[in-house]
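Let me begin by presenting the structure, written as structure tokens, before commenting on it.
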Amino acid sequence: MSENQAKTNAMQQCSCQCGHVQFEVVGAPRLRMLCHCTICQQFNQASHADILVYKSKNIKTPSDEFVTFKTYKAPPNVQRGSCVKCGQAAIEVFNFPLMPKLTMVPQGMFADGADLPVPAAHMFYEKRVADVDDDLPKHNGFLKSQLAFFKFLWFKR
Ligand SMILES: [Zn+2]
Ligand SMILES: [Zn+2]
């Protein structure tokens, strides 16, 4: 088995701060991105979200005994789940027509020192709470952010 394959099949354990929500993800994420949209700010109770995007089949979504799902207004159709006990942002399920089902996991759900890729870009940068001083691409607006998002998903690998 090559090193690449080993990494692709690796399993990582995700957990919220109180430990009530636990699930496993298999393989490498399709994308890691930083999202500054107001919904992400609200949902993560942070200035922006740091999200890892997986194909839904790589994650066993926890049942509603552990996570309450809420659909925030505005497209796209994303169901955002947080821990019923501590309220931490735990998982987000994405349903786009014509797209593979995607599940997103906030970086905070991974253990310290987890093997994660570096973020690919900032999305909805115009909604930022504070400027970010880094070399990553910064996408503004719904359309450009969505396009960048799909481009990453389609053209990666
Ligand atoms: Zn967002
Ligand atoms: Zn919790």
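Laboratory data are not the source of any read-out in this text; all were calculated from the coordinates shown. None of the values given here were measured: they were computed from a predicted structure. A quick note on method: Cβ atoms are made from the backbone with ideal geometry, for glycine too, and the neighbour counts reach across all protein chains shown.
Helix-only mean residue ellipticity at 222 nm, the chain, DSSP H runs n ≥ 4 weighted -39,500 (n - 2.57), per residue, nearest 500. What is it?
Working: 3 runs with 27 residues, N = 157.
Counting only the DSSP helices, I get -5000 deg cm²/dmol.
For V84, the amide hydrogen comes within under 5 Å of the amide hydrogens of V67, T68, counting only partners 5 or more places away or on other chains and with H modelled in the peptide plane.
If R0 is 41 Å, the Cβ-Cβ spacing of N77 and D115 corresponds to a FRET efficiency of close to 0.85. Given their separation in residues at 0.36 nm each and the Cα-Cα distance between them, K101 and F152 gain 16.9 nm when the chain is fully extended. Note on the range 3-155: Kirkwood hydrodynamic radius from all Cα pairs is 15.8 Å, rounded to one decimal. Derived scalar couplings between HN and Hα for the range 82-98 equal 10, 4, 5, 8, 9, x, 5, 4, 10, 6, 9, 10, 10, 10, 10, x, 6 Hz in order, rounded to whole Hz, by the Karplus curve 6.51 cos²θ - 1.76 cosθ + 1.60 (θ = phi - 60°), x for Gly and Pro.
Label sites at K144 and E126, each approximated as a point 7 angstrom past Cα along Cα to Cβ, lie 0.8 nm apart.
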